[in-house]
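Below is one structure; the comments refer to it alone.
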Amino acid sequence: MSAWIVPDEHIRALVTAGLSLPTHGALQWYWPALTATTEPGQWTSAELHEQAVMRRKELTTATADRVGAMLAAANRDSVNHRYGEVEIEELYRHRQPLGRVDPLVILLAISCYEYQSCEHDTWKTSEAFQFCEALRGAAIRALPGYDTARGWPIDSESDYLNTLARRS
């Protein structure tokens, strides 16, 4: 597999999507990933709550530069690992473009970014991976028709066949 540095505009698109796709408040993810457990039948444990408070990251206009830099660094780490390089990434400064974000394009952009950034052994535990997971969820929920589609649960054939017919 080959890897390359995604353009700054690609990073900008991911950050912009995280800032503008509808979520309940700021886009959030946990890093390092939560490891505390809770007792069966309980909603949370004190340890889990403490980890969630300490490890919660969020994307806001105030954190956009840091998040963009983190994404650029993870991409650079992947390329460095793949090709045995020790290059450093350029400084990232976020600027909000004009217009609306297309969630389908963002889903493809996340896939491209992950493909270019997954070469190092710590990708699955990286903050960039957790950010992509959170952004993917926000983009999926922003797809046209998501909020009106039946599927929770699918209890008849017509729930999914009608949905497919409407989209064709």
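The values are calculated or read from the model by the stated rules, or taken from the named source; none is laboratory data. Owing to the predicted nature of the structure, the values given are computational and were not obtained by experimental measurement. FYI the Cβ positions are ideal-geometry reconstructions off the backbone, even for glycines, and counts take in every protein chain you see. Surface accessibility is based on the protein's heavy atoms, side chains included, excluding ligands, DNA and RNA. Shrake-Rupley method; radii C 1.70, N 1.55, O 1.52, S 1.80 Å.
Quick look at the values:
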read-out: Filter result (open to solvent by 20 Å² or more (accessible area, probe 1.4 Å), closer than 23 Å to P22 by Cα and either of a type in the set (F, W, Y) or part of a helix (DSSP H, G or I) (or both)) within the stretch 100-133; value: L104, V105, L107, L108, S111, C112, E114, F129, Q130, E133
read-out: Residue list for the stretch 1-52, filter: open to solvent by less than 70 Å² (accessible area, probe 1.4 Å), at pLDDT 90 or above, in contact with a strand residue (DSSP E or B) (Cβ under 9 Å, 6 or more places away or on another chain) and not in a helix (DSSP H, G or I); value: L21, A26, L27, W29
read-out: R150 surrounded by 13 or more Cβ atoms within 10 Å (Cβ to Cβ), in contact with a helix residue (DSSP H, G or I) (Cβ under 7 Å, 6 or more places away or on another chain) and over 23 Å from E9 (Cβ atoms); value: yes
read-out: Conditions (1) closer than 25 Å to A138 by Cβ; (2) surrounded by fewer than 18 Cβ atoms within 10 Å (Cβ to Cβ); (3) modelled with pLDDT under 95; number of the one not met by E58; value: (3)
read-out: Residue match in the stretch 87-99 (condition: open to solvent by 60 Å² or more (accessible area, probe 1.4 Å), in a helix (DSSP H, G or I) and hydrophobic (A, V, I, L, M, F, W, C)); value: no
read-out: Only listed residue being more than 25 Å from W29 (Cα to Cα), among the acidic types (D, E) and either in a helix (DSSP H, G or I) or in contact with an Asp or Glu (Cβ under 8 Å, 6 or more places away or on another chain) (or both), chosen from D159, D77; value: D159
